[in-house]
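Below is one structure, written out as structure tokens; comments come after it.
What follows is calculated from the coordinates using simple rules that are stated; it is not laboratory data. Note that the structure is a prediction, hence the values are computed from the model and not measured. Don't worry about glycine lacking a Cβ; one is built from the backbone with ideal geometry, like all the others, and counts go over all protein chains shown.
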Amino acid sequence: MTRSERPARPARKRPSRARAEGPAKASARNSAKSPKRRAEPTAQVDFALPESTTPALPAVEAFADLDMPAALLKTLAAQGVTEPFPIQAATLPNSLAGRDVLGRGRTGSGKTLAFGLALLARTAGRRAEERAPLALVLVPTRELAQQVTDALTPYATALNLRLATVVGGLSITKQAAVLRRGTEVLVATPGRLKDLIDRGDCVLGHVRTTVLDEADQMADMGFLPQVTALLQQVEPEGQTMLFSATLDRNVDRLVRQFLTDPVVHSVDPSAGAVTTMEHHVLYVADETDKKAVAMRIAARDGRVILFLDTKRSVDRFTKRLLANGVRAAALHGGRTQPQRNRTLDQFKTGRVTALVATNVAARGIHVDDLDLVVNVDPPADHKDYLHRGGRTARAGESGSVVTLVLPDEKREISRLMADAQITPQTTRIRSSDEELVRITGAREPSGVAVTIEVPQPAAPAKPKSGPARRPGGRSRGRRGRPAG
């Protein structure tokens, strides 16, 4: 279906408060005033999915069955991607045809290529003007932005499309320079993109394909006003794809306002539905034994991510692990983006075996063959639990999620698991128990302190001696004026 063949879209209007919330949200808001009443988990999380008025195209069994450029098919084969995941098989026929898409799937279900291949195929052959990208992927975190960029780069290169990433924590001047040179596909976090637009370094009026990835987290992080403002700047008749691990009421507002007759597909709605993932709740006697249990798990033979609540607790536990011989590194929002990138590289390559992190690592991090995630501090709610757990058992692999629970946390964790629709295996444990070894591979750390060397950035190239010379023989001074 060509763009000219698509039915005209109705004008998008900002929904009224009553329409945006609907009776279900009003009911939830009223019930919140009475703390004794608790809504059912599904009422708290998901909204009624919209019904498409136009029938969806059927799913495909192979990438070769899709109407995609040959260069993309060749690159898929070169990357070893042989069969589409369910979310790709179901959504790609429709997104390639220009339909809006609403997809629900946990991280690791194949969402990036589900939207990325369609976005690239529909942008192929076009050339962007300076500051005016043609396709946009909005993501909530810097880590997810980098993961999306890494995943799409070989396919964009195959189609001769320029791909750029703009996120906070890195030089906005350099990012503006990239946009001025022109880029067809832009991966961005909302805050940094807004800054670049406000500076006049980017305009979105030429964007025909827009993707919201992990839309629920953008809403949870307070980005909803920024996301709404950005979506109002793209081409009104363009294509919008929204992918999310959960579909709560805030996401409902975006769906109703910006998606027109979307194709809806839901797969692996939560980590609890993944049959290759085991969930363990380990009851520990006190804070001292909890730290000892976490220490032995971190010393296991193999990589592990350990989640703690605060930046301070992450730093303190990391220092304790290093002092006891565990090759550990900290990851949290207090580190610069280059530091966070280097830490992730060390973890992926195995130089670091225990990654100690706050929720900054709960999404947007993909590490092959990661089979264990540990909640040293239990998450605040079931959504955080599902996304932390989503770092393991990805793409059909197996993995375990272990949560350490103190006596006074037992009731809260039972409620969290019920909300996540998970029935975990529960065990009372001490750091010396053999059962801990069976579940996690825990072992006693060496006790010999280790130091993790921080990779240093490459030294900048030395400038050529003497001032640069202009055509005709005249040189320029440091501020660009003729010298002398």
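Using Cα pairs closer than 8 Å and at least 6 residues apart in sequence, work out the relative contact order for segment 272-440, in percent.
36 percent.
Can you give me the Kirkwood hydrodynamic radius for segment 86-231, using every pair of distinct Cα atoms, in Å to one decimal?
On the way: mean 1/r = 0.0657 Å⁻¹.
Kirkwood hydrodynamic radius for segment 86-231: 15.2 Å.
Whole-Hz ³J(HN,Hα) for each residue in segment 60-76, computed from phi via Karplus 6.51 cos²θ - 1.76 cosθ + 1.60 with θ = phi - 60°, x for glycine and proline: what do you get?
So the J values, rounded to whole Hz, are 10, 9, 8, 4, 5, 7, 8, 7, 10, x, 4, 4, 5, 4, 5, 5, 4.
For Lys174 and Ser398, compute 0.36 nm times the residue count separating them, minus their Cα-Cα distance, and round to one decimal in nm.
Answer, rounded to one decimal: 76.6 nm.
Efficiency by 1/(1 + (r/R0)^6): what FRET value for Arg430 and Ala78, r their Cβ-Cβ distance, R0 = 45 Å, to the nearest 0.05?
The computed FRET efficiency comes out at 0.35.
On alpha carbon coordinates alone, what is the Rg over Rh value for segment 272-440, Rh being the Kirkwood radius? If you can, show how the numbers build up before the last one.
Working: Rg = 14.7 Å, Rh = 15.8 Å.
Taking Rg over the Kirkwood Rh, I get 0.93.
With the radius of gyration and the Kirkwood radius both derived from the Cα set of segment 98-156, what is their ratio Rg to Rh?
0.96
When the scattering of segment 298-350 is computed by the Debye formula from its Cα atoms alone, each counted once and equally, what is log10 I(q)/I(0) at q = 0.14, 0.17 Å⁻¹?
For segment 298-350, the Cα-only Debye profile gives -0.35, -0.52.
For segment 187-233 and segment 303-378, what is the separation of their C-alpha centers, rounded to whole Å?
28 Å
Based on Cβ point charges of +1 for Lys and Arg and -1 for Asp and Glu, what charge dipole magnitude is obtained for segment 272-440 about its Cα centre, in debye rounded to the nearest 20?
I would put it at about 680 debye.
For a protection proxy built on the mean count of beta-carbon atoms within 10 angstrom, sort 370-377, 68-75, 306-313 highest first, please.
On the way: 370-377: 22.5, 68-75: 16.0, 306-313: 18.5.
Output ranking for 370-377, 68-75, 306-313: 370-377, 306-313, 68-75.
Measure up Lys174/Lys383; Lys194/Lys383; Lys311/Lys383; Lys194/Lys410; Lys194/Lys319; Lys319/Lys348 against 31 Å on the Cα-Cα distance and list the ones that go over.
From the list (Lys174/Lys383; Lys194/Lys383; Lys311/Lys383; Lys194/Lys410; Lys194/Lys319; Lys319/Lys348), the Cα-Cα distance tops 31 Å for Lys174/Lys383; Lys194/Lys410; Lys194/Lys319.
With r as the distance between the Cβ atoms of Glu237 and Ala380 and R0 = 30 Å, compute the FRET efficiency 1/(1 + (r/R0)^6) and round to 0.05.
FRET efficiency, Ala380 to Glu237: 0.15.
Would you work out which of Thr403, Phe307, Leu322 lies farthest towards the positive end of the dipole of segment 272-440? Charges go on Cβ: Lys and Arg +1, Asp and Glu -1.
Farthest along the dipole direction, towards plus: Leu322.
Taking H placed 1.01 Å from N in the peptide plane, check which residues at least 5 places from Ser266 or on another chain put their amide H under 5 Å from its amide H.
Amide H neighbours of Ser266, under 5 Å, 5+ apart: Arg104.
Around Asp345, with a cut-off of 15 angstrom between Cβ atoms, what is the net charge of the other residues, counting Lys and Arg +1 and Asp and Glu -1? Mind dumping the intermediate values first?
Details: positive: Arg142, Arg303, Arg327, Arg335, Arg340, Arg342, Lys348, Arg351; negative: Glu143, Asp150, Asp368, Glu453.
Net of charged neighbours comes to +4.
For a quick protection proxy, order the peptides 252-265, 419-432, 52-65 by their average other-Cβ count within 10 Å, most packed first.
252-265, 419-432, 52-65
Want the number for Val203 to Lys348: 0.36 nm per residue separation, take away the alpha-carbon distance, what's left?
Gain on extension, Val203 to Lys348, equals 48.6 nm.
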